[in-house]
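Down below is the structure, laid out as C-alpha cells.
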C-alpha cells in the first residue's frame, strides 16, 4: 500500500471508524471504594489537568472537523472529537461520583489556526499517550486501586492508541498530498513538530509539583512525571520498560500497513538499553542529562 494514496486514506479512516466502541460514562461499572482506596484516588494530583485537556481537546477537534472538505476524513475526525468529549465527561463523572474536590477548569478561546492547533495537539498526544500507557501499567502493577477500576480505563487507553495511530497516518497523508512527501523532508518536519512536545515534557519534570502546587489554571504534561506517584521505588529503567511493553501491547492490535508513532518508543528503547548497563545510582540522573541536552 502506498502512503498518501486513496487506499491509505480509506484504511486509516475506516479502521478508526470501525473500531469505535459505544459507551456512556454513567453506565460503566464504577466500583465502590473503601476509605483507603478512596483516599488514594483523591490523592492523585492531576484530575483537574486531565479534565482540562480532554474538554479543550473535545471542543478543538470537533471544531476542526467542521472545517474539513473530505467527507471520510471529516467523519473520522468528528468521531475523535466526540470521543475526546466523552473522555471529558468520563473524568467529570468520576469527579462527581467519588466526590473529589476539583475546581472546574476555565474554557479558553479556540485558536484561529485550527489545523495548526490540531497538528500540535496530535504530536503532543503521541508523546503523552506513550507515557500514559506506562503510567497506567505502573499503577496496575502496584495495585494502587482495585482491578475493576483499571478494567474501566483499559479501553479508554485503547482509544488514545486509536487517536495517535489515526493522527500519524493522517498527518503523513496530509504532507504527501501537499507536496511534502519526500521521506527525508517528512521526517525532518515530523521531528521539528515533536520538539514542542518534548520541551513540554522536560518542563513537566522540572516544574510540576506532584503535591499540586503549580500555578492556578496551569496545565502541564503529567503522564511521565506522575508515574512515581503510584510506586515509591519506581526507577527510570522500570518506567521505560513498562512504557515499551504497554505500548507494544496496544499497538499490536492495529493493521501493520498503518503507520505507528515510533519516535518515543525508539528513544525509550535506547534509554532503557543505556540504563541496563549503568549502575542504579547513576541511572537516576538520566532525566537531568536529557533536560540539559534538549534545553
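Yes or no, residue by residue, for (1) crowded, with 17+ Cβ neighbours inside 10 Å; (2) assigned to a helix (DSSP H, G or I); (3) at pLDDT 85 or above:
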{"position": "231", "(1), (2), (3)": "yes, no, no"}
{"position": "244", "(1), (2), (3)": "yes, yes, yes"}
{"position": "249", "(1), (2), (3)": "no, yes, yes"}
{"position": "254", "(1), (2), (3)": "yes, no, yes"}
{"position": "266", "(1), (2), (3)": "no, yes, yes"}
{"position": "271", "(1), (2), (3)": "yes, yes, no"}
{"position": "288", "(1), (2), (3)": "no, yes, no"}
{"position": "293", "(1), (2), (3)": "no, yes, no"}
**Study point:** Residues within the range 152-171 that are farther than 20 Å from residue 8 by Cα and without any contact (Cβ under 8 Å) to a residue 60 or more places away in the chain, tallied
**Key:** 3
Check your understanding: Can you tell me which residues in the range 79-103 are without any contact (Cβ under 8 Å) to a residue 40 or more places away in the chain and surrounded by fewer than 16 Cβ atoms within 10 Å (Cβ to Cβ)?
Key -> 82, 96, 99
Check your understanding: So, in the range 19-36, of the ones that are in contact with a helix residue (DSSP H, G or I) (Cβ under 8 Å, 6 or more places away or on another chain) and outside any loop (DSSP other than H, G, I, E, B), which residue ends up nearest to residue 119 (Cα to Cα)?
Key -> 25
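The values are calculated or read from the model by the stated rules, or taken from the named source; none is laboratory data. Keep in mind that what you see is a predicted model, and the values were worked out from it rather than measured. Every residue, glycine among them, receives a Cβ derived from its backbone with ideal geometry; neighbour counts consider all protein chains shown.
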